[in-house]
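A.B. asks: Have a look at this one.
Where a number appears in this text, it was derived from the coordinates with a stated rule and is not lab data. No experiment lies behind these values; they were computed from the predicted model shown. Cβ coordinates were reconstructed from backbone atoms using ideal geometry, including for glycine residues, and neighbour counts include every protein chain displayed.
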Amino acid sequence: MRQFNEDNLTAAVVGRLKGTKDKRLREIMTAAVKHLHAFAREVQLTEEEWFEGIKFLTQVGQKCDDKRQEFILLSDVLGLSMMVVALNHKTAPGATEATVLGPFFAHGAKEYGYGADLREGATMKGEDVWVSGRVLSVDGKPVPNAVLDVWQAKADGIYDLQTGGEFELRGRVKANAKGEYAFKSYKPKFYSIPMDGPVGDMVKETGNHHMRPAHMHAIVSAPGYQQVITHVFVDGDPYLDGDAVFAVKNSLVGKYKKMSDAEAKKVGLPAGSVKLEWDFRLSPEAGVKARKKIAASDAIA
Ligand SMILES: [Fe+2]
């Protein structure tokens, strides 16, 4: 067949995908071609604009390295990451809701036990916090021996991975046999997404703000339960309603409270420290369309 035009081209391209052996790949490619062509038709894309798009995606790729993941950032600010989370996590009632992984997860963080101090080695001080709680099943029973991968930005809103130094404010915290966990860290602060790349330029060009409300990231895993990738946001943060990556859920907003001097002293923190009490609730793995667990191949660094 020849003589392709705007009316018959889409069907011709889709037709060439018919031999794709993997059915799911065929389905995805077919939909991608249909939507891409429909997009070009809808906006009557010019050649100059098409080339601008090619240049933009090239720059996004060139900005990526073993520590910087500009494509995940692009997916995040376009809401695609949250769309994929929403499509794949119809969380059981009462279970901790999932939200975006973000570009700053890293494997190989140090393992810690109950009461660990994640501030060790930190190059910047913040507001001392005691984070404690339990890992429970949706019916409220303690989940023994869960592991919490936690990470957050430094006090200046920059992640350790962005500056290429040692790991900071991240760790694999093991809960005990009763599902209890606790660690010391710094209270998270709001921050800007990385604005020094093509995604930042796009955010500026579209007049959007680039802030994320303060949060701690967590991946909670336990044998027999669905792994959850989530955040705990800080109640009262000015950006809760305008998260640049659309990740805020009401159920994930935690209250940080002042500790009494005696409470702080008991856990080895200075007077005036704050605390976050936060329980994670996991869905049983059986009968749930489980998310593929975070594997080594997902590592950003
Ligand atoms: Fe983050």
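A.B. asks: For every helix of n ≥ 4 consecutive DSSP H residues, a contribution of -39,500 (n - 2.57) applies; sum these over the chain, divide by its total residues, and give [θ] at 222 nm rounded to the nearest 500 deg cm²/dmol.
C.D. replies: -8000 deg cm²/dmol
A.B. asks: Going by how many other Cβ atoms sit within 10 Å of their own, how do 49, 168 line up, fewest first?
C.D. replies: 49, 168
A.B. asks: Sticking with this structure for a sec: Where does each of 35, 215, 89, 210 land when they are ranked from fewest to most other beta-carbon atoms within 10 angstrom?
C.D. replies: The fewest-first ordering by Cβ neighbours comes to 35, 210, 89, 215.
A.B. asks: Got a sec to turn the phi values of segment 41-56 into Karplus ³J(HN,Hα) couplings, 6.51 cos²θ - 1.76 cosθ + 1.60 with θ = phi - 60°, whole Hz, x for Gly and Pro?
C.D. replies: 5, 4, 9, 6, 4, 8, 5, 4, 5, 4, 5, 4, x, 4, 4, 4
A.B. asks: Now for a different question. If each residue of separation counts as 0.36 nm, what is the full-extension length gain between residue 145 and residue 28 once their alpha-carbon separation is subtracted?
C.D. replies: Values: separation 117, 0.36 × 117 = 42.12 nm, distance 3.87 nm.
That pair, residue 145 and residue 28, stretches by 38.3 nm at full extension.
A.B. asks: I would also like to ask the following. Determine which lysines satisfy two conditions relative to residue 257: a Cα distance under 17 Å, and not lying fewer than 8 residues away in the same chain.
C.D. replies: 184, 187, 189, 265, 266, 275
A.B. asks: Which ordering of 1, 124 is given by a fewest-first count of other beta-carbon atoms within 10 Å?
C.D. replies: 1, 124
A.B. asks: Tally the DSSP beta bridges in the chain and give the antiparallel ones as a percent, rounded to 5.
C.D. replies: Numbers: 30 of 43 bridges.
In the chain, DSSP labels about 70 percent of beta bridges as antiparallel.
A.B. asks: Using bins 10 angstrom wide from zero, how does P(r) for segment 171-287 break down, in % of all Cα pairs?
C.D. replies: That works out to 12, 32, 32, 18, 5, 0, in percent per bin.
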